[in-house]
1. Using only alpha carbon pairs under 8 Å that are at least six residues apart, calculate the relative contact order of the chain and give it in whole percent.
2. For the stretch 104-149, what mean projected area does the convex hull of the alpha carbons give, in nm²?
3. Ignoring everything except DSSP H segments at least 4 long, calculate the 222 nm mean residue ellipticity for the chain; use -39,500 (n - 2.57) per segment, divide by total residues, nearest 500.
4. So, in the chain, how many Lys pairs have Cα atoms under 27 Å apart, if the pair is 8 or more places apart or on different chains?
5. What's the magnitude of the charge dipole for the chain around its Cα centre, counting Lys and Arg as +1 and Asp and Glu as -1 at the beta-carbon? Answer in Debye, nearest 20.
6. Provide Rg and Dmax in Å for the chain, with only Cα atoms included in the calculation.
7. Amide H of residue 70 versus every other amide H placed in the peptide plane: which residues, excluding those fewer than 5 positions away on the same chain, fall under 5 Å?
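Coordinate-derived values only; no laboratory data. All values derive from a computational prediction rather than experimental measurement. Cβ sites come from the backbone with ideal geometry, for glycine too, and all protein chains shown count toward neighbours.
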Amino acid sequence: MHKPMAVAALALAVFAPPALAQQSPNTTPTTVTRVVLIHIKPGHADPFWADVRQHLKPVYDEEKRQGMLSNWSAATKPTQDGPDDWNVVLTLTYPNWAALDTFTTRADAVTLAHYGSAANRTAANNARIEHANIVANFLVRDQTVLPWK
């Protein structure tokens with residue numbers, strides 16, 4: 001009795017058009033943005049920003065120069081909803097989903113050139129943990145809203 005239902009469900013899953021692949025009549029997808037929400041630990045703002053200026057900015061600027069990133073930005077949040085709420089957001093904008101396919105390999109060369117070695121890169125990443133915590137890290141698909149017709 002369950003077999004016909006299972007076959008029907010399988011047929012629906014195989015032959016139904018994917019919902020995510022359908023183009024919305026309201027928007028056009030554009031770039032992809034990684035949003036990283038960061039909580040700077042109390043008393044660690046100066047070393048956090050020194051690290052951003054010394055390491056992250058040069059790396060992100062080079063990735064942008066090479067076309068790996070379309071843009072990147074940093075912003076601060078002036079209000080706090082709790083003691084562990086985020087207070088800095090980094091956004092890394094990629095040209096499209098396909099850019100993520102080779103990003104790790106290409107970024108590896110950029111970061112190795114900046115830090116000089118994998119050991120130095122790892123040490124810098126480990127030191128970063130002393131100054132801040134990542135509250136959330138997610139991707140969003142940017143959309144251009146189409147004009148009303």
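1. Once divided by the residue count of the chain, the mean separation gives 42 percent.
2. Spelled out: convex hull of the Cα atoms, projected over all directions, averaged, 5.9 nm².
3. Value at 222 nm, helices only: -11000 deg cm²/dmol.
4. 4
5. Dipole about the Cα centre, nearest 20: 380 debye.
6. Over the chain's Cα set, Rg and Dmax evaluate to 20.8, 67 Å.
7. 93, 94
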